[in-house]
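The values are calculated or read from the model by the stated rules, or taken from the named source; none is laboratory data. It should be emphasised that the depicted structure is a prediction, and the values quoted were computed from it without experimental measurement. Positions of Cβ are generated from backbone atoms using ideal geometry, with glycine treated the same way; all protein chains shown enter the neighbour counts. Keep in mind that these areas ignore ligands, DNA and RNA; they rest on the heavy atoms of the full protein, side chains included. Shrake-Rupley method; radii C 1.70, N 1.55, O 1.52, S 1.80 Å.
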Amino acid sequence: MTDTLLTNARIVLETEVIDGTLVLRDGHIAAIEAGHTSAPGALDCEGDHLIPGLIELHTDNLERHIEPRPKVDWPHRTAILAHDGELASTGITTVFDAMRVGSVISNGRDDYRKYARQLSRELFDLRATGVLRISHFLHLRAEVCSETLLEELAEFDADDRVGILSIMDHTPGQRQFRDVTKLKAYVLGKHGGNEADFEAHLANLRGLQDRFGAAHEAGAVEAAGRLGAVLASHDDTTAEQVATSAGHGVRIAEFPTTEEAARACHGHDIAVMMGAPNLIRGGSHSGNVAAEALARADRLDILSSDYIPSSLMLGAFGLADLWDDLPRGIRTVTAAPAESTGLADRGRLSEGLRADIVRVGRLDGTPVVRGVWSQGRRVG
């Protein structure tokens, strides 16, 4: 294959930034050369930064595409392609697509019918055609506060590229929604209803946790081992909850809600992941600890775009400015998520690794994606 040369660039390595040229060959980084080249066909990056492709560990974006409005089921193939293209346009070249497992079917509710097994099959089928721009893995969000979790987990096996399994417990009054008024605003805003509907919803969820919580948590831990998935906790709030997570073998803490929990995570060698929207907005929409506070306390390791794909790049550069350290900021969305999920072939600009590359300029401080390569193929 013909080499791709990206020259006149500021190349962001793990701990430094150099001026130079990247040579891409056969889907990999063939060379990193100091200085510029005038070789025929070389792309002049005009002093823009070249960084590794971003790695997204937890995004609800695919769910948003298949259900753009409550109870609207959009054609899944179109939704997957749109999701894939949107992520590529923001510089994300590896994604762990979050899919909920664990449905609530009692009391006549059908808000959370199972979908993950069918959607993942449709994703696999599209990937096999070669039309997807970026690399996709699965992230199963195991909701213990449900009725069907174990049955849904049993539908997956070790060939399904389940990279992450996170243990979710959205029982009202703890973790993310310690403040039940925040949950009320969220539920009624998203699903509609009245006060009586919300009270019935609270009672139902609390009852499900009482009936299934312990068994579902144990089953989720077992499933992660069976599937070869990295285990993640979600919304840990106390040091005791973190200790329980550590006992399960958790390696990633998604969105701890307090500085106490984040501090405890580091004490157990658990990587702390926070939402880029939290960082950019200056706080959590649920009223929990601010990502910026954890960043200033050196308690933040990984960023996730969560519900806004474009926030990942913006958040990484925001951290770079906060820390006055561009390589460190970029590591939170590249090397750190790669390391936490065992992806040794990407996340850094180094000879021999995948040629997942993003060209980024800045417009009045805002990062602007000007080119994206996935395994050496230009996709954005």
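Between helix 180-191 and the chain there is an angle of about 80 degrees, using the helix long axis and the longest principal axis of the Cα atoms.
In deg cm²/dmol, rounded to 500, what helix-only [θ] at 222 nm does the chain give when every DSSP H run of at least 4 residues adds -39500 (n - 2.57) and the total is split over its residues? -11000 deg cm²/dmol, from helical runs alone.
Secondary structure note: in segment 327-379, about 100% of the DSSP beta bridges are antiparallel. Taking Cα atoms, how many degrees apart are the long axis of helix 76-89 and the longest axis of the chain, rounded to 10 and kept between 0 and 90? Around 50 degrees separate the two axes. The charge dipole of the chain, taken about the Cα centre with unit charges on the Cβ atoms of Lys, Arg (+1) and Asp, Glu (-1), comes to about 560 debye, rounded to the nearest 20.
Hey, what angle do you get for helix 239-248 against the long axis of the chain, alpha-carbon based, 0 to 90 degrees rounded to 10? With both axes taken from Cα atoms, the answer is about 80 degrees. Per residue, the chain exposes 41 Å² of solvent-accessible protein surface, assessed with a 1.4 angstrom probe and all protein chains in place. Taking the alpha carbon gyration tensor of segment 234-320, multiplying each eigenvalue by 5 and rooting it gives semi-axes of 21, 12, 11 Å, largest first. Shown for segment 31-126: the carbon plus sulfur share of the solvent-accessible area, taken with all protein chains present and a 1.4 angstrom probe, equals 51%.
Taking the 1.4 Å solvent-accessible surface of segment 239-303 as the whole, the part contributed by carbon and sulfur is 43%. For the chain, the alpha carbon convex hull comes to 132 Å³ per residue, rounded to a whole number.
Taking other residues whose beta carbon is less than 13 angstrom from the beta carbon of residue 75, and scoring Lys, Arg as +1 and Asp, Glu as -1, yields -2. Summary of packing: across the peptides 117-129, 261-273, 5-17, 140-152, the per-residue average of other C-beta atoms within 10 Å ranks them, highest first, as 140-152, 261-273, 5-17, 117-129. Projecting the Cα positions of 58, 92, 2 onto the charge dipole of segment 1-122 (unit charges on Cβ atoms of Lys, Arg, Asp and Glu, taken about the Cα centre) puts 58 furthest along the positive direction.
Where both bridge residues fall in the chain, DSSP classifies roughly 45% of the beta bridges as antiparallel.
For segment 1-150, the Kirkwood hydrodynamic radius from C-alpha pairs, put into Stokes-Einstein at 20 °C and a viscosity of 1.002 mPa s, yields a diffusion coefficient of 118 µm² per second.
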